[in-house]
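Enquirer: Please see the structure below; I have some questions.
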Amino acid sequence: MRNRLSLPLGALGSIAIISIPLLFLKSAEKESLQSGKQVADFVLKDGDGRPVSLAEFRDKKAFVVIFTGTECPINNAFMPRIAELYKTFAHQGVQFLAINANRQDSLHRIKEHAIANSIPFPVLKDADNSVADLFGAQRTPEAFILDSEHRIRYQGRIDDQFGIGFRRPQPTRRDLAIALEEVLAGKAVSQPITPVAGCLIARTSQPKALGTITYAKQISRILQKNCQECHRPGQIGPMPLLTYDDVTAWAGTIREVIQDQRMPPWYADPHYGHFENDRRLSAEDRQTLLSWIYQGTPRGDDKDLPAARQFVEGWTIGKPDMIFTMPEEYSVPADMPKDGIPYQRFQVPTNFAEDRWVERAESRAGAPGVVHHIIMFILPPNEDFFPGNPKTPTLCGTAPGDMPMIFPPGTAKKIPAGSTLIFEMHYTPNGIAQKDRSSLALIFAKEPPKYAVRTIPVGEPRFKIPPGADNHKVESWFAFREEASLIGFMPHMHLRGKDFLYEAIFPDGKSEILLSVPRYNFNWQSVYRLEKPIRMPKGSKLHCIAHFDNSSKNPNNPDPTKAVMWGDQTWEEMMIGWCDVITNRQ
């Protein structure tokens, strides 16, 4: 649904942790039926169209069969781990097979995905879901271990590193590897069934042609309005939702995330503030979408379809007036170095002969899977750049789940003549070495704006979160020395971030909560754009309150035994209440 997948997503993009939260937990009661079952032989085609059977792999001590897809974010996060497991166990007499039972994944797409993820064993297409039904598979990635007699000895997850809304630095239990070691040693599997986080397999089905609610009349319009901005090629959404076939393939997944209100992603408490980019589905649209799925996803008459929504390829803000690109590629290693990757900064001269006013800006990662965030700074002539220098203002940025910079009519940010743009890049490896060359798109104001926009970081770098603390409070303040108006917010913390609140305190002593994010999601760092500017008279204060969870209860927590302070890397912490303010143009 509509996002960035941020995560964030996300992201959660792409998110370096996990860009989009279309991830699900399979219930244990559905998993308890297959253990001990003997699997009959089957024959499926690989990416080259060659038939492959289970029976052809003779004299194997065990088999690992993993149901995979090409679009599910959590499935793709596990691809490097799957390749590692093959390298560890293949020489011990274990045969690995991957099976793709998603109806939307063609043989060509399956082959490309396997090559891109360095999968060294056969990946097969289960076109009619017969093998998925044979195993009782429901999700991707879902793993099965068969012994030499083809009996199911293990069914479940690969491990617990990736889940709904979290990515542990390391798994706490290597479920598939442990079970495989036990099978090879002739032992009983200690945990033969584990829950699976992942996306529903898109099984073949026969949708209804007609119904009281149809894709052509109602659903296509809801998706255009709420989802397609991100769920289209080149954007953070991991799968397109542009056609009837796209949508029906993901109907089960859509039902789950809508019912659980995980999508569209929106984390603001509805009791405070009104935001023009509020992503929530209306109650009516939500019920219409769910009813359509329950009715069997009727297509309806194509003559009732709306005109396709038009997008500029690669950009959300529309057709750019100018695009800037990093002067060189940066090679991101497959694995994170012990001390992390320092922020990388690349300078690009604008060569502007006169001041330019920007009303829309969008930074775009060249390698979304490893770009955690981008911050674009403006370096005017004869100024030196260093973090926090007020004379080198922030132009825009992107992070998991972030949205591009779009200002209200009559407002814009100034790039002085002769300025240089600085790409500040934060890279987070994801198991596959990649090269990044990110870009920035700008749309200029057609006439000088009435108001100038500034982005202010209301942060507090002097904190220390004790080990094990599950609700550590950090506050920051900003005092307005001149009258201004607030137009938007973006709270920022790292993996231990729990909640964030913005409060205005006016000169007369009155206070007002402007934004409350009671469940902060590092994988989906949203911008919250106010419907109407909030006037902040001279002498007003902006008060930010954040809480951090540094306990073992936080599955994202890299190490609950250590105190945490301010730092650039994701395993350190930050507390910044970014806000956009407008003043009379200067």
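Enquirer: Would you list VAL332, VAL189 from fewest to most Cβ contacts within 10 Å?
Expert: Listing VAL332, VAL189 from fewest to most nearby Cβ atoms yields VAL189, VAL332.
Enquirer: Which pairs break 28 Å Cα to Cα here: LYS87/LYS338; LYS225/LYS532; LYS319/LYS391; LYS446/LYS541?
Expert: Beyond 28 Å: LYS319/LYS391; LYS446/LYS541.
Enquirer: I need TYR272, TYR267, TYR154 ordered by Cβ neighbour count within 10 Å, fewest first.
Expert: The most exposed by this proxy come first: TYR272, TYR267, TYR154.
Enquirer: What distance in nm separates the simple spin-label points at TYR272 and VAL52, each placed 7 Å from Cα in the Cβ direction?
Expert: Placing both labels 7 Å along Cα→Cβ, they lie 5.3 nm apart.
Enquirer: Here's something else I'd like to know. For region 322-447, build the charge dipole from Cβ charges (+1 Lys, Arg; -1 Asp, Glu) around the Cα centre, then report which of PHE346, ALA334, ALA365 sits farthest towards its positive end.
Expert: Positive-end residue among those listed: ALA365.
Enquirer: Let's see if you can work this out: charge +1 on each Lys and Arg Cβ, -1 on each Asp and Glu Cβ, no other charges. What is the dipole magnitude of the chain about its Cα centre, in debye to the nearest 20?
Expert: 460 debye
Enquirer: Here is a follow-up. Remind me, what semi-axes does region 399-508 give for its equivalent ellipsoid, largest first in whole Å, using sqrt of 5 times each Cα gyration tensor eigenvalue?
Expert: Semi-axes, largest first: 30, 26, 12 Å.
Enquirer: I would also like to ask the following. Along region 271-278, what does the Karplus equation 6.51 cos²θ - 1.76 cosθ + 1.60 (θ = phi - 60°) give for ³J(HN,Hα), rounded to whole Hz, x for Gly and Pro?
Expert: 3J(HN,Hα) across region 271-278, in whole Hz: 6, 10, x, 10, 10, 6, 9, 4.
Enquirer: Counting pairwise Cα distances across region 322-447, what percent come out greater than 17 angstrom?
Expert: Pairs farther apart than 17 Å: 57 percent.
Enquirer: How would you classify region 27-195 from its alpha-carbon gyration tensor, with a ≥ b ≥ c the square roots of the eigenvalues: rounded for a/c under 1.5, else prolate if a/b is greater than b/c, otherwise oblate?
Expert: The shape class here is rounded.
Enquirer: Please report, in Å, the Rg and the Dmax of region 337-386, where both are computed over Cα atoms only.
Expert: In Å, with Rg to one decimal and Dmax whole: 14.3, 45.
Enquirer: From the Cα gyration tensor of region 252-329, with a ≥ b ≥ c the square roots of its eigenvalues, which class applies: rounded if a/c is under 1.5, or else prolate if a/b is larger than b/c, or else oblate?
Expert: Judged from the Cα gyration tensor, region 252-329 comes out oblate (a/c at least 1.5, b/c at or above a/b).
Enquirer: Also: May I ask which residue of LEU124, PRO169, GLN155 lies farthest towards the positive end of the charge dipole of region 117-175, with charges of +1 (Lys, Arg) and -1 (Asp, Glu) on Cβ and the Cα centre as origin?
Expert: Of LEU124, PRO169, GLN155, it is PRO169.
Enquirer: Go through the cysteines of the chain and tell me which have no other cysteine Cβ under 4.7 Å away.
Expert: Lone cysteines by the Cβ rule: CYS227, CYS230, CYS396, CYS544, CYS579.
Enquirer: How much FRET efficiency would the formula 1/(1 + (r/R0)^6) give for ASP301 and LYS225, where r is the Cβ-Cβ distance and R0 is 22 Å, rounded to 0.05?
Expert: Rounded to the nearest 0.05, the efficiency is 0.60.
Enquirer: Provide Rg over Rh for region 459-586; use the alpha carbon set for both Rg and the Kirkwood Rh (inverse mean inverse pair distance).
Expert: 1.02
Enquirer: Further question: Suppose R0 equals 45 Å. What FRET efficiency, 1/(1 + (r/R0)^6) with r the Cβ-Cβ distance, do GLU354 and GLN261 give to the nearest 0.05?
Expert: Here the calculated transfer efficiency is 0.40.
Enquirer: Using label points projected 7 Å from each Cα along Cα→Cβ, tell me how many nm separate GLU149 and GLN347, to one decimal.
Expert: 7.2 nm
Enquirer: Can you give the Rg/Rh ratio of region 215-304, where Rg is from the C-alpha atoms and Rh is the Kirkwood radius?
Expert: Result: Rg/Rh = 0.97.
Enquirer: For region 128-199, report the convex hull volume of the alpha-carbon atoms normalised per residue, in Å³, without decimals.
Expert: Once divided by residue count, the hull of region 128-199 is 85 Å³.
Enquirer: What full-extension length gain, to one decimal in nm, is calculated for LYS60 and LEU134 as 0.36 nm per residue of separation minus the Cα-Cα distance?
Expert: 24.6 nm is the gain from fully extending LYS60 to LEU134.
Enquirer: If R0 is 45 Å, what FRET efficiency do you get for PHE444 and THR243 from their C-beta distance, rounded to 0.05?
Expert: Once rounded, the FRET efficiency stands at 0.85.
Enquirer: Okay, moving on. Quick one: net charge around GLU149, please, counting Lys, Arg +1 and Asp, Glu -1 for every other residue with C-beta under 15 Å from its C-beta.
Expert: Value of the local net charge: +3.
Enquirer: Using the Cα centre of region 322-447 as the reference point, and only Cβ charges (+1 on K/R, -1 on D/E), how large is the resulting charge dipole? Debye, rounded to the nearest 20.
Expert: In total the dipole reaches around 140 debye.
Enquirer: Return the loop-located trypsin sites (Lys or Arg not before Pro) in region 503-586 (DSSP other than H, G, I, E, B) with at most 14 other Cβ atoms within 10 Å of their own Cβ; answer none if there are none.
Expert: Qualifying residues, ordered by number: LYS510, ARG519, LYS538, LYS553, LYS562.
Enquirer: Which Rg and Dmax, in Å, describe the Cα atoms of the chain?
Expert: Over the chain's Cα set, Rg and Dmax evaluate to 25.3, 82 Å.
Enquirer: How much mean residue ellipticity at 222 nm does the chain get from its helices, if each DSSP H run of length 4 or more adds -39500 (n - 2.57) and you divide by all residues, to the nearest 500 deg cm²/dmol?
Expert: Result for the chain: -3500 deg cm²/dmol, rounded to the nearest 500.
Enquirer: Which one, ALA504, PRO457, GLY567, projects farthest toward the positive side of the charge dipole computed for region 453-584 from Cβ point charges (K/R +1, D/E -1)?
Expert: So the residue we want is ALA504.
Enquirer: Cross-link partners among aspartates and glutamates for LYS435, C-alpha distance below 18 Å, same-chain residues fewer than 8 apart left out?
Expert: By straight Cα distance, LYS435 reaches GLU328, GLU329, ASP335, GLU424.
Enquirer: Using the Cα centre of region 453-584 as the reference point, and only Cβ charges (+1 on K/R, -1 on D/E), how large is the resulting charge dipole? Debye, rounded to the nearest 20.
Expert: Using Cβ point charges on Lys, Arg, Asp and Glu, region 453-584 gives about 120 debye.
Enquirer: Which of PHE311, PHE463 comes first, and how do the rest follow, when ranked by fewest Cβ neighbours within 10 Å?
Expert: Placing the least packed residue first, the sequence is PHE311, PHE463.
Enquirer: Still on this structure, please answer the following. Starting from the Cα of LYS217, draw a straight line to each of the aspartates and glutamates and keep only those under 16 Å, dropping any in the same chain fewer than 8 residues away.
Expert: Output for LYS217: ASP245, GLU284, ASP285, ASP301, ASP302, ASP304.
No value in this document is a laboratory result; all are computed from the given coordinates. Predicted, not measured: the structure shown is a model, and the values here were computed from it. Backbone-built Cβ (ideal geometry, glycine too); neighbour counts: all protein chains shown.
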